[in-house]
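Chemist: Sending over a structure as structure tokens; questions will come in a sec.
Throughout, read-outs are computed from the coordinates displayed, never taken from laboratory work. Just so you know, these numbers come straight off a predicted model, no measurement behind them. Backbone-built Cβ (ideal geometry, glycine too); neighbour counts: all protein chains shown.
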Amino acid sequence: MATRQLQKYSPKQFFRTGSVQKKFQELLGKKAQGFITSILQTISDSQMLAEADVNSVYNAAMTAAVLDLPINPNLGFAYIIPYRVKNKGVVAQFQMGYKGYIQLCQRSGRFKTISATPIYKGQVIEENPLTGFKFNFNARESNEVVGYAAYFSLINGFEKTLYMTMDEIIAHAKEYSQSYQKGFGPWRDNFEAMAIKTVIKLLLSKYAPMTIEMQALQEALTHDQAVIGDNAEVGYVDNNNSAPEQPEERERLDFSDQAEVTREDLMADISNTAKELYGDKWYQTLKKKVVDINDEAENMLSLSDEELGFLHTEVMQEAR
């Protein structure tokens, strides 16, 4: 029998199937189960994400897995953010956190240090268009934040600082984030974290070495704040100006071998879970559930795709 891709399934159903879990196990090994659990928790915490296009959620999660960054809002390395797009419904956007950028730089082995901080009134003491800004962190006059600065130094001795005033940060947010203009999203929820991320990201995109050791960082800069399509195409739903500065030719993350959820996958998951839940009576219990969904169905094979999805959801909820 030919395998058909199942079209109607929720993000939670999708991430619980064996074929999808196998994909993450291939990438993350023993860390896969914890990663998937965090994805499911993220979906549970967001009604919009639970309604989002499944492929966009999967591609965002796969991007985080390829970069080996956890999806956990409390950690701040990477996020999956839902956006409602006209004529498309809800889609999921992959978004880097500033801690994720620092983590990738540390792994590269090229950085001696990288950091960022708010700058308070009185701390900026010199501006030189060639050598950059100088700061006196002991000269703070008040609690007024006047800007944000990021700095890195490389093992080879190269170092660079980028400073943006508060007005420049706000202008950047207005230009590159429609959600900021409308008063919702990451900029509203955590302005300082987004401002720090902005100066780090701009510093890295302009001055960090883009060598083979830095491939993960290049991918992060490309896919940050993007909805990633089935063929790895990148779209920036929060603002079309969001595309980062980058060379014309750049290797993209490969999603060509995406996991597909099939009827066979769902039925296997349902049967295996039912055996664990119901023991020797798993077959009779499962058959009763099938009849409760469709009284004309003799077994799972007789259910429609949508009905099979309902059965999968019900059994998986009981297994939680």
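Chemist: For ALA297, which sequence-distant residues (separation of 5 or more, or a different chain) have an amide H within less than 5 Å of its own amide H, given hydrogens modelled in the peptide plane?
Modeler: none
Chemist: Once you've got the Cα coordinates, tell me which of LYS31/LYS99; LYS31/LYS206; LYS88/LYS182; LYS174/LYS197 are over 22 Å apart. Show your work: numbers first, answer last.
Modeler: On the way: LYS31/LYS99 19 Å; LYS31/LYS206 33 Å; LYS88/LYS182 19 Å; LYS174/LYS197 15 Å.
Those over the limit are LYS31/LYS206.
Chemist: Per-residue counts of other Cβ atoms within 10 Å, averaged by peptide: what ranking do you get for 130-140, 265-275, 91-101, highest first?
Modeler: Sorting 130-140, 265-275, 91-101 by mean packing, highest first, produces 91-101, 265-275, 130-140.
Chemist: Suppose a student asked you for the relative contact order of the range 1-101, using Cα pairs under 8 Å spaced at least 6 residues apart; what percent would you report?
Modeler: Rounded, it is 24 percent for the range 1-101.
Chemist: Could you calculate the contour length gain from GLN25 to ALA139, that is, 0.36 nm times the residue separation minus the distance between their Cα atoms, to one decimal place in nm?
Modeler: Stretched fully, the GLN25-ALA139 segment lengthens by 35.9 nm.
Chemist: Still on this structure, please answer the following. Before anything else, pin down the relative contact order of the range 261-320: Cα pairs under 8 Å, at least 6 apart, normalised by residue count, whole percent.
Modeler: Averaging sequence separation for qualifying contacts and normalising by length gives 39 percent for the range 261-320.
Chemist: With equal scatterers on the alpha carbons only and no solvent term, can you work out the Debye log10 of I(q)/I(0) for the range 261-320 at 0.18, 0.20, 0.22, 0.25 1/Å?
Modeler: -0.53, -0.67, -0.82, -1.06
Chemist: Taking neighbour Cβ counts within 10 Å as the exposure measure, how do GLU144, GLU175 sort from fewest upward?
Modeler: GLU144, GLU175
Chemist: Using only C-alpha atoms and all pairs of different ones, pull out the Kirkwood radius for the range 111-208 in Å with one decimal.
Modeler: 14.3 Å
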